[in-house]
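The values are calculated or read from the model by the stated rules, or taken from the named source; none is laboratory data. In this text, all values refer to a predicted model and were calculated from it rather than measured experimentally. For neighbour counting, all protein chains shown are included, and Cβ atoms are generated from backbone atoms with ideal geometry for every residue, glycine included.
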Amino acid sequence: MEVPGKLELIVGPMRSNKTAELLRRIETRRQYAKQYVMLLKPSDDTKAAAGLVESRNRQGCVAMEAIEFLSADPWSVLPTLAETEKSIGKRVDCIAIDEGQFVRDLFLFTKRLLEHGYDVMVSGLELDFRGLPFGEMLELNWLVRTFSGNITELVAYCSCGAKALYPQRLIDGKPASYDSPVIMAGDNYEPRCAEHFVLPGKPH
Ligand SMILES: [Zn+2]
């Protein structure tokens, strides 16, 4: 039986530097542990150029090469993984996934990788603009407990200074209504606390 991998989850709302933290951890593993880390990016991610993961923060922009895959089919990465291991002549040590909330089958895909001995790092949003669970990010908590690992909760602040729990979606500067699509182009977000989170038309 293979020794299972460990899962590192990096969660938090928009503008909490999740991607920067993911890239920093990849760099550390590569530089100091001499690990081979494969960075994956679901193709629904429109914030960076093809094949690149970029982090946005005040310290500037950091970009790292990534393997893009269709968010609806993470399994398509497995042949690429096998080819990479053949060409480098050893196993890949760690697989990093940015924007995990967009990945279909994220729970099963991550579980499969852990069971096969890969360390996995996933960054992403836990809640969508409606304040509802986003994709399968919340389900990964079970994998952290079961396979051991850790969760890092990054914090963003509302303009009032309170901890921001929710991603406030803005369309033309106004709060988006509950019935707008979960994924849409041209939207804009800011982190808000429970008091300042506005969601017109929400049923509950
Ligand atoms: Zn606030």
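Hand me the list of strands (runs of 3 or more DSSP E) wholly inside the range 90-204 holding 2 or more residues that are in contact with a Phe, Trp or Tyr (Cβ under 9 Å, 6 or more places away or on another chain) and either closer than 15 Å to residue 13 by Cα or within 16 Å of the ligand (Cβ to nearest atom) (or both).
Answer list for the range 90-204: 166-171, 188-192.
Can you tell me which residues in the range 153-190 are in contact (Cβ under 8 Å) with a residue 60 or more places away in the chain and surrounded by 15 or more Cβ atoms within 10 Å (Cβ to Cβ)?
Answer for the range 153-190, where residues must be in contact (Cβ under 8 Å) with a residue 60 or more places away in the chain and surrounded by 15 or more Cβ atoms within 10 Å (Cβ to Cβ): 154, 156, 164, 165, 166, 167, 189, 190.
Suppose we keep only residues that are among the basic types (Lys, Arg) and more than 28 Å from residue 126 (Cα to Cα) within the range 66-109. Which one would you say is surrounded by the most Cβ atoms within 10 Å (Cβ to Cβ)?
Going through the qualifying residues, I end up with 91.
Filter the range 85-97 down to residues that are in contact with a helix residue (DSSP H, G or I) (Cβ under 9 Å, 6 or more places away or on another chain) and either more than 25 Å from residue 187 (Cβ to Cβ) or at pLDDT below 95 (or both), then give me how many there are.
Residues that pass the stated criteria total 6.
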